[in-house]
Amino acid sequence: MPNSDTTTAPTRVDTLIHAGWIITVDADKRVLHDHALAMKNGLIHAILPSSEARQTLSADTVLEMPEQVLMPGLINLHGHAAMCYFRGMADDQPLMTWLQEHIFPAEGKWVGPEFVRDGTELAIAEMLRCGTTFYSDNYFFPEDTVGVVRASGIRAQFCTPLLDFPTNWADGPDTYLEKGLALAEQLKDDDQFVVTLGPHAPYTVSDAPFRKVIAAAREHNLLMQMHTHETQGEVDDSVRDRGQRPVARLQELGMLGSDMQCVHMTALNDEDIRMIADSGTTVVHCPESNLKLASGFCPVHKLQQAGVNVTLGTDGAASNNDLDMLGEMRTAAQLAKAVSGDAEALPAHAAIEMATINGARAMRLADKTGSLEVGKWADLIALDFSELESQPLYDPVSQVVYATTRHQVSHVWINGQARLWERELTSLDEPAIKDRARQWQVRIADWKATSKGEA
Ligand SMILES: [Zn+2]
């Protein structure tokens with residue numbers, strides 16, 4: 001209750017924001033008008049009517065945001081951050097051509113600690129500027145990107161790769177796993193990171209390494225994430241070569257469960273959906289990457305009806321080609337309606353949940369982040385609705401999903417720290433990041449031109 005005794009000193013907090021609207025994404029889906037959010041020691045200290053906050057709270061930083069909406073920071077649950085440097089390098093190709101003729105050779109040539117560090121920094125800068133506070137990265141040399149992530153302030157889930165064949169990072173499945181487990185050990189007590197085992201896909205990993213990954217995940221209480229059912233072709237090949245659909249194989253191996261995140265999940269039949277739902281497996285939907293590679297459609301509406309936790313990811317910028325979670329949300333909401341033939345599928349608030357609390361749930365962090373509630377980490381963003389493109393405004397939830405672009409993200413706080421302030425990155429050097437990207441572009445373009453000539 002507000003304290004009407006004016007002799008009582010107001011409680012001091014770090015930051016107090018008076019916002020036009022707060023989309024809480026709490027269990028009651030509350031959207032609050034003219035409320036304030038207070039942050040203290042990295043946590044959400046209070047959410048209350050502005051009129052009360054003005055009497056009971058004082059702060060080092062007070063922000064008046066009458067035409068802005070606050071919402072939880074976006075959680076991008078699948079991507080390959082450093083692949084930002086391959087953005088626009090090979091477009092308009094099907095998955096296998098894109099992967100085998102363009103991406104794998106480029107990775108063989110370029111991927112190393114310096115490439116990964118620089119590319120990841122560009123990706124983080126882009127993600128912060130679109131309101132992402134927690135991202136998932138499945139890429140090589142994760143140990144070399146820890147420093148960049150730490151300095152930027154963003155939270156990261158590292159899915160440590162594993163394949164049957166060698167890459168620049170590791171010479172075989174056992175080394176991949178050893179490196180993944182070493183990183184998990186290194187970061188186990190750090191709130192900024194989640195380390196997850198990230199075997200690449202059912203068609204690049206055989207049963208024996210899968211069994212080792214699953215045993216290690218269960219022994220060390222780690223999560224797993226894997227590309228699964230990315231295309232109908234993957235399913236057909238598996239049936240031809242193994243007499244089994246990929247989801248059925250994972251079920252038999254014991255990989256499905258509440259600790260498993262399956263990315264893509266197109267070409268699912270009813271039996272696949274039942275196994276996913278019964279096991280509590282999370283699905284990471286990447287609609288724009290699926291659309292661009294003509295991979296197929298994830299039946300989001302059916303999965304949600306079956307009770308599956310469906311989350312959202314952009315995938316890498318080489319197949320998307322941006323890391324814009326607001327855009328991804330809108331695509332997901334529209335595509336779910338088209339695929340199910342039902343305009344009521346994936347309504348706006350459910351799309352926001354996919355991009356926030358569902359991602360937190362998949363990482364077993366729903367009590368820490370993913371919604372704006374007292375006691376949770378102060379991970380939140382402000383969207384500016386003052387321009388004419390946001391008028392009129394009947395429903396902020398609809399506006400966020402169907403009529404907002406990433407250029408309206410004005411502020412981002414993570415752990416109570418401002419990481420974007422009036423669209424300026426506070427922890428990263430934007431001109432230096434752009435410079436480095438241009439230098440890499442010249443080197444990669446030259447190599448591409450030469451290698452094409454030789455082919
Ligand atoms: Zn991917």
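The values are calculated or read from the model by the stated rules, or taken from the named source; none is laboratory data. Computed from a predicted model, the values in this text were never measured in an experiment. Note that each Cβ is placed from the backbone with ideal geometry, even for glycine, and that neighbours are counted across all protein chains shown. Only protein heavy atoms, including side chains, enter the accessible area calculation; ligands, DNA and RNA are left aside. Shrake-Rupley method; radii C 1.70, N 1.55, O 1.52, S 1.80 Å.
I want to check the label-to-label distance for ARG30 and LYS109. Put each point 7 Å from Cα in the C-beta direction and report it in nm to one decimal.
The answer from the label model is 5.6 nm.
Excluding PHE165 itself, what net charge comes from residues whose Cβ is under 15 Å from its Cβ, given Lys and Arg +1 and Asp and Glu -1?
Taking every Cβ under 15 Å from that of PHE165, the sum is -4.
Would you count, across the chain, every pair of lysines whose alpha carbons are under 27 angstrom apart, provided the pair is eight or more residues apart or spans two chains?
27
Given the Cα atoms of the chain, and with Rh set as the inverse mean 1/r over their pairs in the Kirkwood sense, what is Rg to Rh to two decimals?
0.98
What is the packing order of peptides 148-159, 69-80, 384-395, taking the mean over residues of other C-beta atoms within 10 Å and listing the highest first?
69-80, 148-159, 384-395
Accessible area of the chain with a 1.4 Å probe: how many percent of it is carbon plus sulfur?
Using a 1.4 Å probe with all protein chains present, the chain comes out at 49 percent carbon and sulfur.
With an 8 Å cut-off on Cα pairs and a minimum separation of 6 or more residues, tell me the relative contact order of the chain in percent. Could the numbers behind the result be given before it?
On the way: 950 pairs, mean separation 88.0, N = 455.
About 19 percent, as a whole number.
Can you give the net charge of the other residues whose Cβ lies under 13 Å from the Cβ of HIS220, counting K and R as +1 and D and E as -1?
Working: positive: LYS188, LYS212, ARG218; negative: GLU178, GLU185, GLU219, ASP259.
So the environment of HIS220 carries a net charge of -1.
Kindly provide the GluC sites (Glu not before Pro) of the range 335-386 that DSSP labels as loop, not H, G, I, E or B, and whose Cβ sees at most 10 other Cβ atoms within 10 Å.
Those satisfying the criteria are GLU344.
Work out from phi, with θ = phi - 60° and the Karplus expression 6.51 cos²θ - 1.76 cosθ + 1.60, the ³J(HN,Hα) of each residue of the range 104-112, listed in order in whole Hz, and give x for Gly and Pro.
Values, residue by residue: 4, x, 5, 5, x, 6, 10, 6, x Hz.
Counting only heavy atoms of the protein chains, get the accessible area per residue of the chain (1.4 Å probe) and round it to a whole Å² value. All intermediate terms of the calculation are to be shown ahead of the outcome.
Values: 18010 Å² over 455 residues.
Accessible area per residue: 40 Å².
DSSP beta bridges in the chain, what fraction antiparallel, as a percent rounded to 5?
Here the share of antiparallel DSSP bridges comes out near 45 percent.
Can you tally the net charge around LYS40? Count Lys and Arg as +1, Asp and Glu as -1, for every other residue whose Cβ sits under 15 Å from the Cβ of LYS40. Don't skip to the answer; put the middle values down first.
On the way: positive: ARG12, LYS376; negative: ASP14, ASP60, GLU373, ASP379.
Combined, the nearby Lys, Arg, Asp and Glu give -2.
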